[in-house]
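The values are calculated or read from the model by the stated rules, or taken from the named source; none is laboratory data. None of these values were measured; they are calculated from a predicted model. Note: ideal-geometry Cβ built from the backbone for every residue, glycine included; neighbour counts use all protein chains shown. Areas reflect the complete protein model, heavy atoms only, side chains present, ligands, DNA and RNA absent. Shrake-Rupley method; radii C 1.70, N 1.55, O 1.52, S 1.80 Å.
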Amino acid sequence: MLKSLLLIFSFFLAAAGLFHSENQNPATENNKSILYEKVYLHIDRELYSPGDDVWFKSYLVSGISHQLIPGYKNVYVQLVTEDGTVAEEILLLSVNGTANGDFMLPESLPDGTYTIRAYTKYLRNFGEVSYFHKKIVVAVPKSSLEMEENLTGRQPSKIDVAFLPEGGSFVLNAINHIAFKAIDETGKGIDVTGKVVDETGNEVVFFRTQYKGMGKFIMMPQEGKSYYALLDGFPDFSYSFKPARPDGIALNYRTDDAYLIFTLTRNLKIYHRQEFLLVASHKGTELFRSQLTMNEFQQAMRLYKGLFPPGISQITLYNHSGEKMAERLVFIRNAYEKKVAIVPDQKEYKSREKVEMTLLTLLPENDTILSTVSVSVVNEDYFSASGNNQTIESYLLLDSELKGSVESPASFFVDEPEILGNEKLDLVMMVNGWRSYYWNELEQYAGVELPGWADYGLTLEGNVTRLWGGKPVDYGKVVMGPFSRNFLFEETTTNEEGNFSFDKLYLKDSALIMINAETKNRSKRTEIELEQPLEFDTLVSADLVNSVCLDIQVPLKFSREIYYRKMAEQEYIKDMGSILLDEIEIAGKQGPETADHFRLYGEPDHSFTITSDDWNYADITDYLQTRAPGVIVTGDEIRIRAGYGNPLLLVDG
């Protein structure tokens with residue numbers, strides 16, 4: 001039966017012919033722009049143990065163009081436990097779209113799955129789904145017995161399968177492309193096989209998953225028939241298809257080199273002429289619209305791929321009354337999407353051997369690009385069992401555009417022997433696209449001015465009262481400073497209730513400041529009470545976070561590696577039986593000073609020559625933190641990466 005359906009499909013596709021859109025020019029005069037932004041964190045890895053440092057770089061970009069947002073903005077980053085408790089938080093100042101930060105995980109931190117959550121004050125207007133989320137695992141060393149217990153395979157205790165007709169309608173007497181997804185109780189996809197049967201138990205079509213619990217099949221429902229889906233190995237599972245619509249339209253999509261082909265299919269027994277309007281949009285902006293007429297039971301339409309921006313676009317079909325008949329999300333990949341390549345100087349390296357890399361731009365000839373990059377080099381075992389779950393490409397183009405969670409979104413951009421990346425992405429469009437295209441919900445904010453966009457720097461508030469009597473100091477003077485060499489003092493005036501506020505304070509790190517207040521008669525007998533406004537979210541919904549970000553699986557290699565590392569560290573703890581050597585003295589002789597030799601200290605990792613172009617830095621620590629890789633300045637303390645204690649600084653040798 002399936003073979004005959006495919007032959008009928010091919011015949012009518014050829015008879016209908018392929019034609020271009022009648023109007024392929026953008027028609028956006030009725031669209032209102034949406035002011036929207038996205039924040040992405042490049043985190044160095046996914047698996048950690050207590051005491052490790054979590055390094056990250058934030059990218060704050062336009063939600064429309066994905067270009068870095070210029071100027072200054074605050075980015076709030078939190079480390080959230082499985083029950084929604086905030087374990088760590090840090091405020092970053094994004095300068096021209098980027099900022100750097102880290103979390104030092106305490107040695108006492110319990111093992112488990114944590115979520116790194118990042119947002120701006122402006123994104124609060126759109127809710128949790130607009131925030132950045134990334135799962136990490138903090139694992140304590142475990143014995144082989146404990147690891148085996150955690151890795152014991154099991155049959156899912158609960159399974160759920162959704163069947164989703166392409167375009168939204170299950171159409172009677174028409175070829176329907178049906179997508180499906182099977183998930184376990186954790187929300188992750190599982191492999192299944194099964195079949196669709198009619199009310200008599202006769203098999204109509206066999207199906208199996210293709211990738212992460214997703215798959216698709218073709219069937220044609222007929223009058224007087226009922227259809228059920230059964231799964232192999234799950235005798236209690238049965239899914240009943242809703243009755244097919246006699247007046248529906250099935251919308252199928254496929255690619256053909258540089259073109260996209262959309263095929264409309266209706267009930268075979270409808271013979272009259274029907275008029276439709278096909279509208280293509282991208283992030284709430286209409287790309288084009290085209291009128292089309294159906295005289296047969298199928299009609300195909302070919303559109304040039306270059307009409308669509310990279311990422312997700314929405315195809316909607318309306319009838320002559322404006323009723324939505326079918327809708328489909330499509331994912332367009334740019335043939336020139338890779339802009340950079342990293343080329344190491346050799347393929348293999350020894351321990352502690354220097355690695356030199358060349359960063360190449362993959363751009364057309366005579367083209368240039370101004371951008372910023374971040375690179376992390378870690379052991380491949382420090383990612384989840386399925387590999388790196390998230391990249392800036394997958395976040396900006398895929399999972400931030402869809403409501404609900406996408407399992408291992410980075411993997412959908414990788415070709416595999418069994419399935420290509422484009423095929424994976426199309427399955428996601430057919431499955432997750434049913435939940436919601438996020439930009440549909442953002443349409444309500446088009447042309448609306450929302451608070452929080454101009455949020456940068458710190459705010460310090462307080463109240464001034466008279467030392468005797470406690471009455472408010474109205475219209476008194478409050479002076480704060482000094483908190484940096486370039487900006488020494490800030491002054492403001494209290495209101496009638498004695499309240500004052502300092503806004504837009506820009507500090508790169510912690511600092512000691514002094515605040516003085518006096519009355520309008522210049523009396524200094526005052527008392528100051530400070531109130532720093534709470535900027536961070538203190539209540540985080542664990543259920544909501546987990547609904548937009550799935551857990552990751554810890555590979556056995558990582559568990560073994562941290563266990564052996566812990567055992568090696570314990571060998572050097574004298575209280576646990578190690579041998580303690582007698583005290584030894586190390587004597588050194590200072591060699592002659594030469595132009596290319598740094599006496600006893602050896603060659604430096606980095607050396608800098610101060611020029612007049614560097615005079616805009618506040619001091620030497622400000623200069624080093626900006627110019628020297630890995631240097632972190634906290635108050636008067638300087639450390640390099642995860643090192644402890646102040647390093648040795650040499651000036652002119």
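In terms of Cα atoms, the Rg and Dmax of the stretch 44-116 work out to 14.0, 42 Å.
So what is the diffusion coefficient of the stretch 249-393 in µm² per second by Stokes-Einstein at 4 °C and 1.567 mPa s, using a Kirkwood Rh over Cα pairs? Here the translational diffusion coefficient equals 66 µm²/s. Taking 0.36 nm per residue of separation and subtracting the Cα-Cα distance, full extension of the segment from ASN366 to SER65 would add 106.1 nm.
Given in Å, the Rg to one decimal and the Dmax to the nearest whole number for the Cα atoms of the stretch 338-391 are 14.6, 42. A cut-off under 9 angstrom between Cβ atoms defines the neighbours of THR293, and their net charge, with Lys, Arg +1 and Asp, Glu -1, is 0. Note on the stretch 312-384 and the stretch 235-273: Cα centroid distance 33 Å, given to the nearest whole angstrom. Candidate cross-link partners of LYS269 among the lysines, defined by an alpha-carbon separation under 23 Å and a same-chain spacing of 8 or more, comprise LYS3, LYS225, LYS242, LYS324. Remark: the stretch 401-472 carries 49 Å² of accessible area per residue (probe radius 1.4 Å; ligands, DNA and RNA excluded). For the residue pairs LYS158/LYS181; LYS38/LYS134; LYS135/LYS181; LYS188/LYS283; LYS134/LYS181; LYS38/LYS354, alpha carbon separations beyond 25 Å are given by LYS188/LYS283; LYS38/LYS354. Computed over the alpha carbons of the stretch 441-484, Rg followed by Dmax gives 19.4, 57 Å. If the chain linking SER157 and TRP468 were pulled fully straight, counting 0.36 nm for each residue of separation and taking away their Cα-Cα distance, it would gain 105.0 nm.
Annotation: Cα Rg of the stretch 109-264 relative to the compact-globule expectation 2.2 N^0.38 Å equals 1.42. Over all other residues within a Cβ to Cβ distance under 14 Å of HIS272, the charged ones net out to 0, with Lys and Arg as +1 and Asp and Glu as -1.
Each of GLN291 and TYR259 was given a label point 7 Å from its Cα along the Cα-to-Cβ line. The distance between the two points is 2.3 nm.
With 5 Å bins beginning at zero, the pair-distance distribution over Cα atoms of the stretch 208-303 amounts to 2, 9, 15, 17, 16, 15, 13, 8, 4, 1 %. Using the Cβ-Cβ distance between THR391 and LEU650 with R0 set to 35 Å, the FRET efficiency works out to roughly 0.30. With a 1.4 Å probe rolled over the protein heavy atoms of all chains, the accessible area of SER108, SER411, SER65 falls in the order SER108, SER65, SER411, largest first. The apolar share of the surface of the stretch 344-409, taken as the fraction of accessible area on carbon and sulfur atoms (1.4 Å probe, ligands and nucleic acids excluded), comes to 49 percent. For the stretch 322-460, report the % of Cα-Cα distances exceeding 18 Å. Looking at the stretch 322-460, the distances longer than 18 Å represent 73 percent of pairs. Here the calculated FRET efficiency for ASP619 and ASN422, from their Cβ-Cβ distance with R0 = 51 Å, stands at 0.45, rounded to the nearest 0.05. Extension gain for ASN319 to MET514 (0.36 nm times residue separation, less C-alpha to C-alpha distance): 63.3 nm. At the residue level, THR465 shows approximately 30 square angstrom of accessible surface with a 1.4 angstrom probe and all protein chains present.
So if R0 is 51 Å, what FRET efficiency would GLU449 and LYS350 give, r being the distance between their Cβ atoms, rounded to the nearest 0.05? Using R0 = 51 Å, I get an efficiency of 0.30.
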